[in-house]
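The values are calculated or read from the model by the stated rules, or taken from the named source; none is laboratory data. Worth saying up front: this structure is predicted, and the values here are computed from it rather than measured. All Cβ positions, glycine included, derive from the backbone under ideal geometry; neighbour counts span all protein chains shown. What goes into the accessible areas is simple: the full protein's heavy atoms, side chains included, and nothing from ligands, DNA or RNA. Shrake-Rupley method; radii C 1.70, N 1.55, O 1.52, S 1.80 Å.
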Number of protein chains: 2
Amino acid sequence: MQIPIRLDFLSPETLQAQLVGQVCNLIRDGQLQLGSIVPSSRELSEQLHVSRNTVVEAYELLIEEGYLYTQRAVGTFVSKTLPEDSMRTAARDLPHRKPSRRRAVNLPLPHIGRGLPGLHKPTDPALPYDFALNRTDAGSFPAKLWRRLIVDCLDDAARHMSEYGDPAGIGELRQLIASFLGPARGMVVAPEQVIVVSGCQHGLNLAAHLFVANNTPVVMESPCYRGAAFLFESYGGKILPVAVDEFGIDVARLPEEKAKLVYVTPSHQFPTGVTMSLDRRISLLRWAARVGAYVLEVDYDADFRYEDSPLPSLQALDENGVVFYMSSFSHSIGPGLRLGYVVVPPELVVAATTSKGLSDNGLPWLEQAALAQFIREGGLVSHLKRLRHTYKGRRDALVGALHRHFGAVDISGADAGMHLCWCLPREAALAREVQAAARSLGVGVYPLQDSPACLYEHMKDYDRILLLGYTPLTEAQIEEGVARLTAAMRR
Amino acid sequence: MQIPIRLDFLSPETLQAQLVGQVCNLIRDGQLQLGSIVPSSRELSEQLHVSRNTVVEAYELLIEEGYLYTQRAVGTFVSKTLPEDSMRTAARDLPHRKPSRRRAVNLPLPHIGRGLPGLHKPTDPALPYDFALNRTDAGSFPAKLWRRLIVDCLDDAARHMSEYGDPAGIGELRQLIASFLGPARGMVVAPEQVIVVSGCQHGLNLAAHLFVANNTPVVMESPCYRGAAFLFESYGGKILPVAVDEFGIDVARLPEEKAKLVYVTPSHQFPTGVTMSLDRRISLLRWAARVGAYVLEVDYDADFRYEDSPLPSLQALDENGVVFYMSSFSHSIGPGLRLGYVVVPPELVVAATTSKGLSDNGLPWLEQAALAQFIREGGLVSHLKRLRHTYKGRRDALVGALHRHFGAVDISGADAGMHLCWCLPREAALAREVQAAARSLGVGVYPLQDSPACLYEHMKDYDRILLLGYTPLTEAQIEEGVARLTAAMRR
């Protein structure tokens, strides 16, 4: 990345002082957003043609003054809140009284969240062919059925709206989820082990709150999802990235030092899309039992496999109670529902349900009740079957169209999930350039660098990787979208 | 409190060893629940007729072994998870594979949640006259109107259910809340300062995550709500209790050491019900600006004042941006809705919205959309007016009945909110005895000690305090309930 800095080599002011001053100004003007990443010292010294030492010292001064902070192995960032004399509000002009000069400085903790997960992307009307990530197919949402379920539940609204429910979730839903997991994932769980949460992000918070404090080591797949990495950082966690290859997390590189948690997405790795092999699953579980780590198994795409049956979940394979499993209905029903669940080992039931009760006093009764009815009637199972069929068709359309237009393409993650990962050929433009060109023809594609991924910088060609979500588009839209993408790339 | 321990003064085994062994057994048997409080060393030495030193040493050994832990100024508790060789599951027999002997110990952080908030109390059919706390009136819930709003919103379900919304809340709802606060609470806020959360507990989590780490001082009203105290403890916070009198928190006792947060419920203190006086509000704000603390103003009962207009909120009075305000629709619409909001000072907007985005990927679209429509149509304002009228009638019925049956009664908090606080006369039985007697006649009343309150032990006569919620009962039920309560107390 480049930032707009120009150094004057002839000025009496030292290069370091100029650098410090210009970075401060960029922050105050908002050109460098609070919490955003800045170039590494190596990158910036190359951009500005100065010695790396100059940049390193300038950065050190800015860190001391509170304008920047570093996260080891991850990068250097603009602080979220700045020293009082340059405190700014968000972009708009917010009404606020001038702080009194006698007010003591009161900053949030130094390791607060570095940025948003990045899943919220409002629909862009300028992109009729938007290969958007993490969006389910609006056309497949069972609107009539869902309306009926909701309206049925509303008969009982007065009573349920007037009291606090069990923060761990309504009992019937926990039971239905436990029963569902038996046939669906080969997992034998008791309802008490199931806690209803609003999605995987919420489930991760539950785990983080129980286990992550200052400097707690958290092993993460690399690359991985920003929302998870930023979350653990925000609790003070120390991220230990371990590279992913075509079989999943590279277990040979797992650290032997004590880690509290290891975060994996074994069904359809985000963002690469690979499925963790059985061998790797078994090795990971052994490692976790040996070092005393809990495995955070984030399993939301298990429902969508297009080639073969899903592998057993880590939770089902585990014999030592080391897996903290979570999944969500965000992909199977829709992100607007805000329901998911965690399955904890028996010895964590008390701690986890207590933590959940203290995090919020439970989730809305209405969605939980409707979902319970949906599952009980068999609606979820049939819906998943239909959805899998629809998404397979769309996956086939995308893969077929890419092959037809581009020949042999370097893609991963096409065998499952809701998106695939495409490494553009060397002769093509960079991913961001392709995105810009595609946009001008109404097509939305997503460079890895601008997706909800992070910890990708070690990947060769990371700036050539595009993510394409195919679930929100019809097969015809996919065909047209890829045709336009081809046209855009030819320019 | 007493625990079932019997020491044998003639045994060759030392008293200390007997004590350690019996406490361990009580924990393993479940007679001492995980996370529950144990008697202080003074109490236990008095109960067992042994020197205090014997108990202190026994406790120290149990703490070293991991069976107990202490929270300074609060008490000593059974650990939430025990050393591996005596690890237990929850009461029921959960299916789990025997942990391998080679599994490394992996315990959650030592300061995880001490217990649940205690708001979830399923309706008890044995109590037709239940003066339950924190329950809104099911009869007043606008069921028809709510159904219409929900069904209207469902027309748009497919689209909204298929994408992630803004984690800070849907824009229109934030705007409507900001506009509502102007006339309702004299607060001038921009929509960006409003973040939609699932209730005050969730709002507290937002604040705790930003500010509370190991040993962070958090000043709290004493007595206060358990859910808040346990939450701050679970982040490692150090609770500094400050007593409440008839004017609210005693500002003269606020510590001069640096505190990060001060938690107050100024509209209707929980549990005493007192309203913070204007003087105290101003003094508290001055103190907060001086020491650099944020004031967590938990303001959910401002809507229900029965005698006069509400005082300006701390947020409205503040000139230094020190107030982190929160309120909830749990009392005005119902706890099953799970919607509330925080209002943060401008300089915290970025940090708070980022933290919210990392905590969960937003709240359900459906309830937010229905609520927005409810507010926009003017429904919320009329509903509050009606509810205030209904609750005033019930408040009058309760106070009147208590006076008629008991003469001059020592009650507080009757001028606002949804419950009042009654200190039983000396000649009456203790609160727990009254609860038991009342139960036998189908009446539910709540001793302070068994309510969602904590930090009450310094109050003289705390074991004589009963909390009575009047909002879920009709005036006739209130009359009958008090008559039966009187009969129960005569025995």
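Remarks
- For region B:92-234, the spread of Cα positions along each principal axis, largest first, Å: 59, 42, 42
- Rounded to the nearest whole angstrom, the semi-axes of the ellipsoid equivalent to region B:129-171, taken from the Cα gyration tensor as √(5λ), stand at 31, 16, 8, largest first.
- Taking the label point 7 Å along Cα→Cβ, A:Leu61 and its counterparts in the other copies are spaced 6.2 nm apart, in ascending order.
- Loop exposure criterion: GluC sites (Glu not before Pro), DSSP state outside H, G, I, E and B, at most 15 other Cβ atoms within 10 Å. Applied to chain B, the longest stretch between such sites is B:14-245.
- Region A:391-455 - Debye-derived log10 I(q)/I(0), Cα point model, q = 0.12, 0.21 Å⁻¹: -0.33, -1.05
- Within the accessible area of the protein assembly as shown (1.4 Å probe), percent carbon and sulfur: 51
- Cross-link pairs beyond the 26 Å C-alpha cut-off, checked among A:Lys238/B:Lys238; B:Lys385/B:Lys460; A:Lys258/A:Lys460; A:Lys121/A:Lys392; A:Lys356/B:Lys392: B:Lys385/B:Lys460; A:Lys258/A:Lys460; A:Lys356/B:Lys392
- Stokes-Einstein, applied to the Kirkwood radius of region B:347-466 over Cα pairs at a viscosity of 0.692 mPa s and 37 °C, places its translational diffusion at 179 µm² s⁻¹.
- Less than 5 angstrom separates the built amide H of A:Leu261 from those of A:Val219, A:Tyr294, all sequence-distant by 5 or more or on a different chain.
- Positive-end residue of B:Ala416, B:Val342, B:Pro452, charge dipole of region B:342-491 with Cβ unit charges: B:Ala416
- 14 Å beta-carbon shell around A:Phe324, net charge (K/R +1, D/E -1): -2
- Enclosed volume per residue, in Å³, of the convex hull spanned by Cα atoms of chain B: 185
- Anisotropy class of region B:420-491 from Cα gyration tensor, a/c 1.5 cut: oblate
- As a ratio to 2.2 N^0.38 Å, the alpha-carbon radius of gyration for region B:130-210 is 1.38.
- Shielded by partner chains, region A:357-386 residues - at least 30 Å² of accessible area, 1.4 Å probe, vs chain alone: A:Leu358, A:Ser359, A:Asp360, A:Asn361, A:Pro364, A:Leu366, A:Glu367
- Cα-Cα separations in the protein assembly as shown greater than 59 Å, expressed as whole percent: 10
- Excluding ligands, DNA and RNA and using a 1.4 Å probe, chains B and A jointly bury around 9200 Å² of accessible surface, summed across both partners.
- For B:Ala453, the residues whose modelled amide H falls within less than 5 Å of its own, excluding neighbours fewer than 5 places apart on the same chain, are B:Arg226.
- DSSP beta bridges fully contained in the protein assembly as shown are about 60 percent antiparallel.
- Under 19 Å from B:Lys144, Cα to Cα: aspartates and glutamates that are on another chain or at least 8 residues apart: A:Asp152, A:Asp155, A:Asp156, A:Glu163, A:Glu367, B:Asp152, B:Asp155, B:Glu367, B:Glu377
- The calculated 222 nm mean residue ellipticity attributable to helices in the protein assembly as shown amounts to -11500 deg cm²/dmol, summing -39500 (n - 2.57) over DSSP H runs of n ≥ 4 and dividing by all residues.
- Where Rh is the Kirkwood radius over Cα pairs, Rg/Rh for region B:278-401: 1.02
- Whether region B:211-279 is rounded, prolate or oblate, judged on the alpha carbon gyration tensor where a/c under 1.5 counts as rounded: oblate
- Shape analysis of region A:7-53 places it in the oblate category; the axes a ≥ b ≥ c from the Cα gyration tensor give an a/c of at least 1.5, with a/b not above b/c.
- Mean accessible surface per residue for region B:330-410, computed with a 1.4 Å probe while every protein chain stays in place, in Å²: 28
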